Amino acid sequence: MSERFVTRGFVGKRQDAGTAANRIPPGQHLVKDFPVLSAGPTPRTDLRRWSFRIEGLVKEPAQWTWDEFGKLPAQEFVKDISCVTKWTKLDTRWRGVSADVLLEHVELDGRARFVVAFSDGGYTTNLPLPDVINGQAFVAYEYDGKPLAPEHGGPARLVVPHLYFWKSAKWVRGLRLIERDEPGFWESLGYNNHGDPWKEERYSGD
Amino acid sequence: MKRTLEWQIATVKAIRQETANVKTLTLALLKWVPHRPGQHYDIRLTAEDGYSAQRSYSIGSEPERHGEIDITVEPIRDGEVSPFLDDVVVVGDRFEVRGPIGGYFVWEASDGGPLLLVAGGSGIVPLMAMARHRAAVGATVPARLLYSSRSFDDIIYRADLDALANRDGLQVFHTLTRSQPEGWQGFARRIDDRMVAEVNKPFGPKAQVFICGPTALVETAADAAEAAGVAAERIKTERFGPTGA
């Protein structure tokens, strides 16, 4: 729709001019709390049985136990995040391991073009490989200085802050490299395949 | 590529007070399509200067009602869209919507049952679409609703739920967490494991479970349903955090 339909009597609540307005993608609004959204019960995995794996189109898969994962070089990340349900939260503070660090442990097959993140509970989400590398994605196990809570995806979740937050798979257990794109859980249920908040790629066809 | 969800203009056809602070808006849609019970619409409001805000609202009505949908609005203090829908909107007003959206938290009679619905507060809305759909198609799928409200007067759709219970075999179990009228026979505490197990007892592990409400309620009820033997993939949740809507 090229011309916006004006709603009688609607003024809206603007963000403070200058501070945050240019960090909030279209159709989003700022929240201070951290809403929880997930499609089913929160899985709880015994850390003794937890592992993280990189598999698929790689020469040799890589796998870490919880203890091994904790010894990988970690970084602090401060990122703005946007959920397709319209909230945006600024300056969220995480600690975890960059996907670049994880991918250094495998030799990629030249055919690898896409990544499927897979999680406890069966959740999956798909990402183009270029959206995962070069400092754009990490696996977080701390939020705001504390171990990541189960309802927010703990013990560890993928975080891909430049895409809508359903791409940041909770309870993540690994990344699978593939040649041809495969829609994940929400991507098969009407949500956009890519999910860039700045382009409002919310739903299929957006 | 699947069809694009296009914005269309909805006209407010009726406004109904559900409780002291909750209203239902009936929206007439020219490009109405049948939804699946549990789905939602996005609403976009635009100010004179082009500033706009979007929010999602669950559909409370059944898809058998053609040409219109109900949304139910509980105004959130300091919110942006919900106080406008609650306070400013009158019958005849128009605004943009697009939908229906969401393909997971949905139930149709053909999906079978038995059906266990668990709701807290305005989390009843998408479950009401399921219950109304079940009645509209005359489905005999056994269905139970466990519904948590603060007080008797805060029960959304109370009369409609009574009617669904009396006419259509929906078994409704209320719990009132803050205050109860004299002689109250229902539950009188927050939803817990024991309550979910009791309501789900006749269904056991066969239940298909839909839970919608605030995060703490959803976490508790989902864990309780798992503890009652229901497999995780049969438990679907939708969580309403306080998102400043």
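Derivation of every value follows stated rules applied to the coordinates shown; laboratory data play no part. Only a predicted model underlies this, so the values are computations on that prediction, with no experimental measurement involved. As a convention, Cβ positions derive from the backbone with ideal geometry for all residues, glycine included, and neighbour counts pool all protein chains shown.
Couple of notes before you dig in:
- Listing of strands (runs of 3 or more DSSP E) fully contained in segment B:61-133 that carry 1 or more residues being away from chain A (no Cβ under 14 Å), within 24 Å of B:Leu145 (Cβ to Cβ) and among the polar types (S, T, N, Q): B:68-73
- Residue within segment A:134-153 that is exposed (fewer than 15 other Cβ atoms within 10 Å of the Cβ) and farther than 27 Å from A:Asp33 by Cα present: yes
- Screening the candidates A:Pro61, A:Pro41 for the property of being more than 28 Å from A:Glu201 (Cβ to Cβ), within 9 Å of another protein chain (Cβ to nearest Cβ), surrounded by 14 or more Cβ atoms within 10 Å (Cβ to Cβ) and in contact with an Asp or Glu (Cβ under 7 Å, 6 or more places away or on another chain) yields one hit, A:Pro41.
- Within segment B:134-145, the only residue that satisfies the criterion of being within 18 Å of B:His35 (Cβ to Cβ), touching a Gly at 6+ places or on another chain (Cβ under 9 Å) and not in a helix (DSSP H, G or I) is B:Ala139.
- Which listed residue, of A:Val78, A:Val84, A:Val97, is within 15 Å of A:Leu158 (Cα to Cα), among the β-branched types (Val, Ile, Thr), crowded, with 17+ Cβ neighbours inside 10 Å and in contact with a strand residue (DSSP E or B) (Cβ under 9 Å, 6 or more places away or on another chain): A:Val97
- Single unsatisfied condition, A:Thr7 versus (1) of a type in the set (S, T, N, Q); (2) under 21 Å from A:Lys170 (Cα atoms); (3) within 13 Å of chain B (Cβ to nearest Cβ): (2)
- Residue match in segment A:26-33 (condition: assigned to a strand (DSSP E or B), within 30 Å of B:Lys236 (Cβ to Cβ), in contact with a Gly (Cβ under 7 Å, 6 or more places away or on another chain) and facing chain B (nearest Cβ under 8 Å)): yes
- B:Ala207 satisfies every condition listed in (1) farther than 29 Å from A:Lys89 by Cβ; (2) away from chain A (no Cβ under 14 Å) except (2).
- Taking segment B:42-60 as the range and being away from chain A (no Cβ under 12 Å) and assigned to a strand (DSSP E or B) as the test, only B:Ile59 passes.
- Restricting segment B:16-41 to residues that are closer than 21 Å to B:His133 by Cα and among the β-branched types (Val, Ile, Thr), the residue that is farthest from the other protein chains (Cβ to nearest Cβ): B:Thr24
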